[in-house]
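Since the structure comes first, as structure tokens, the remarks are kept for the end.
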Amino acid sequence: HIWAENNYLKLGKDVTAGQVIYNWGGAVIHTEGNLVNGKRVDLLAAFNATHDVKLGDDTSWRPDLRTHVDPAAAVPALVSHGAGAGRLNGS
């Protein structure tokens, strides 16, 4: 199962949202709350609109061990604040 939630993707002008998902031979994926270049995008719909083999939505499983997921809009600031040499706690 793949559950793609609250991802922030910054894509170049030659990459489309329909190219973000790759079909490794599966039939389903669940996507929600994802932003592409700052705009909310349904990655599953974008994939299905640009590919002959369609994927279905799968909510039969949810990653329940993860207790908190930051909103996608917060990701750029969180990464900028915490990325780079010497910025990890305890380093």
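Listed residues ILE29, ILE21; which is under 13 Å from the mean Cα position of the chain (by Cα), touching a residue at least 12 places away in the same chain (Cβ under 8 Å) and part of a loop (DSSP other than H, G, I, E, B)? Lay out the reasoning, then the answer.
On the way: ILE29 fails: part of a loop (DSSP other than H, G, I, E, B).
Residue meeting the stated conditions: ILE21.
I want to confirm something. Restricting to the stretch 61-78 and keeping residues that are open to solvent by 60 Å² or more (accessible area, probe 1.4 Å) and either among the β-branched types (Val, Ile, Thr) or without any contact (Cβ under 8 Å) to a residue 40 or more places away in the chain (or both), which single residue is nearest to THR31 (Cα to Cα)?
Step one: filter the stretch 61-78 for residues open to solvent by 60 Å² or more (accessible area, probe 1.4 Å), giving 61-62, 64-71, 73, 77-78.
Of the ones still in play, those that are also either among the β-branched types (Val, Ile, Thr) or without any contact (Cβ under 8 Å) to a residue 40 or more places away in the chain (or both) are 64-69, 77-78.
Numbers: ASP64: 15, LEU65: 18, ARG66: 16, THR67: 18, HIS68: 17, VAL69: 14, ALA77: 22, LEU78: 21 Å.
That would be VAL69.
Could you look through the stretch 5-45, keep only residues that are among the polar types (S, T, N, Q) and over 18 Å from LEU78 (Cα atoms), and pick out the one that is surrounded by the most Cβ atoms within 10 Å (Cβ to Cβ)? Show your work before the answer.
To start, the set of residues in the stretch 5-45 that are among the polar types (S, T, N, Q) comprises 6-7, 16, 19, 23, 31, 34, 37.
With the extra rule that they be over 18 Å from LEU78 (Cα atoms), the set shrinks to 16, 19, 23, 31.
Working: THR16: 14, GLN19: 14, ASN23: 12, THR31: 21.
Result: THR31.
Would it be correct to say that VAL15 is within 20 Å of VAL69 (Cβ to Cβ) and not polar (S, T, N, Q)? Even if it seems obvious, please write down each step before you answer.
Details: within 20 Å of VAL69 (Cβ to Cβ): no; not polar (S, T, N, Q): yes.
Criteria not met by VAL15.
Which condition from (1) β-branched (Val, Ile, Thr); (2) open to solvent by 90 Å² or more (accessible area, probe 1.4 Å); (3) out of contact with any Asp or Glu (no Cβ under 9 Å at 6 or more places or on another chain) is the one that ILE2 breaks?
Only one criterion is unmet by ILE2, namely (3).
Could we say that VAL53 is touching a His at 6+ places or on another chain (Cβ under 9 Å), open to solvent by 50 Å² or more (accessible area, probe 1.4 Å) and of a type in the set (Val, Ile, Thr) here? Please lay out each step first, then the result.
On the way: touching a His at 6+ places or on another chain (Cβ under 9 Å): no; open to solvent by 50 Å² or more (accessible area, probe 1.4 Å): yes; of a type in the set (Val, Ile, Thr): yes.
Taking the combined requirement at face value, the residue does not satisfy it.
Give me the pairs: first residue in the stretch 40-60 and within 9 Å of VAL28 (Cα to Cα), second residue surrounded by fewer than 13 Cβ atoms within 10 Å (Cβ to Cβ) and not polar (S, T, N, Q), beta-carbon distance under 7 Å, and six or more apart or on different chains, which are they?
From residues that are within 9 Å of VAL28 (Cα to Cα), the pairs are LEU55/ALA27; GLY56/ALA27; ASP58/HIS1.
Within the stretch 1-17, track down each residue that is more than 19 Å from VAL28 (Cβ to Cβ), of a type outside the set (Ser, Thr, Tyr) and outside any loop (DSSP other than H, G, I, E, B).
Across the stretch 1-17, the qualifying residue is only LEU9.
The values are calculated or read from the model by the stated rules, or taken from the named source; none is laboratory data. All values reported here derive from a predicted model rather than from experimental measurement. Reconstructed Cβ throughout: ideal geometry from the backbone, glycine too, with neighbour counts over all protein chains shown. Side chains included, ligands, DNA and RNA excluded: accessible areas come from the protein's heavy atoms. Shrake-Rupley method; radii C 1.70, N 1.55, O 1.52, S 1.80 Å.
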